[in-house]
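The values are calculated or read from the model by the stated rules, or taken from the named source; none is laboratory data. Computed from a predicted structure; not experimentally measured. Cβ sites come from the backbone with ideal geometry, for glycine too, and all protein chains shown count toward neighbours. Areas reflect the complete protein model, heavy atoms only, side chains present, ligands, DNA and RNA absent. Shrake-Rupley method; radii C 1.70, N 1.55, O 1.52, S 1.80 Å.
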Amino acid sequence: MQRQALLPARRALLAGLFLLLAGCGGLPETLADTPSDVTATAATERPAASRMLSGDYERAIQSDGRTRTYIVHLPPVYDSVTPLPLVVVLHGGGGNAAGTEKQTGMSAKADQAGFIAVYPNGTGPLDDRLLTWNTWNCCGYAEQRNVDDVAFIRALVAQLARDERIDPARIFATGLSNGGMMSYRLACEAADLFAAIAPVSGALNTDACAPAQPVSVIAFHGTADQNVPYNGGRGTKSFPGTRPNRDDQPVSYAIGFWTAFDQCDPTPQRTQTGSIARDDYTGASGTAVTLVTINGGGHAWPGGQRLAAFLDAPTQEISATDAIWDFFAQHPKS
């Protein structure tokens, strides 16, 4: 009884800490009190490769002097012999790996399509929640301490390549909000590693993106997003944090950069279904850039779960998870 009575106060404290420290593109996309434990379908410790089973495994590695954690999901087709695609799924600001696995449904898609999904954790004051990524001018703890998240993701992929069988031509990244910004940063600074990215409600908040080679991009963004505004600027739901004058670049800036860099046809093929507008730009050497605009859509993962009542409701007119995998499957590294 005493422990139950303390829970509301603890949650309030955690929420307050996030408002003070996160400094990301808006309210946390996952609940601050998301359970930090991982319910594994096989085991939480990695057994010998010959005994690896499908399911979730919680692991840790060292990067830049820090212990970094992640959840890896192995699909039923995993046999430790056949190389499989890898999708890195990055949580939003204030979230964590377990929350974004639930929010996106990417593990179910991995089981259906036959790829490995990995959910890294960012950094924060509480180890397993209220976590952020360092994405140029955002967000919170990770930005304040200049955490080298690109190095962490590189180390993570290298570790997975040693532990599992990863197809090096089919390594991809996606994420929501601050995680979407991180996927943009990976494309800018780790283009040698990633074949394609899929930012959701993110922004390319740099004018110094210099990819080593082309990267295919599919981006999703709602026109009514008040956290990371579609047309750029400062959202009404955006917390200033350590950057009181931080503005987000518009979606058009990111699409303009990538269509130019990937040498795409400047005239897209547009399709419209209900509130969903899709612009497909064909690039050189098999690359492509696609923008999926959710007219009237807010700050959410399209087709995903709404993890708290105060978060924007995701449209159910389209599944970002399905569309992302379809795009990734068509755009391996050449």
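List of remarks:
- Entry for region 101-236 at q = 0.09, 0.15, 0.22 Å⁻¹: log10 I(q)/I(0) = -0.27, -0.77, -1.59, Debye formula applied to identical alpha-carbon scatterers, no solvent contribution.
- With all protein chains modelled, accessible area of W325 [1.4 Å, Å²]: 30 Å²
- In the context of the full set of protein chains, residues of region 53-105 present 32 Å² of accessible surface per residue (probe radius 1.4 Å, heavy atoms only).
- Straight-line cross-link partners of K237 among the aspartates and glutamates, defined as a Cα under 15 Å from its Cα and at least 8 positions apart when in the same chain: E29, D225, D247, D248, D312.
- At the residue level, K102 shows approximately 120 square angstrom of accessible surface with a 1.4 angstrom probe and all protein chains present.
- Under 23 Å from the Cα of K333 - lysines, other chains or at least 8 residues apart: K109
- Accessible-area composition of region 217-324, carbon plus sulfur, in percent [1.4 Å probe]: 49 percent
- Two-site label geometry, F310 and D207: point separation in nm, points 7 Å out along Cα→Cβ: 3.6 nm
- In region 40-187, the ratio of gyration radius to Kirkwood radius, Rg to Rh, stands at 0.95 when only Cα atoms are counted.
- Distance in nm between pseudo-label sites at A158 and V81 (7 Å out along the Cβ direction from Cα): 2.9 nm
- Per residue solvent-accessible surface (Å²) - region 206-297, probe of 1.4 Å: 47 Å²
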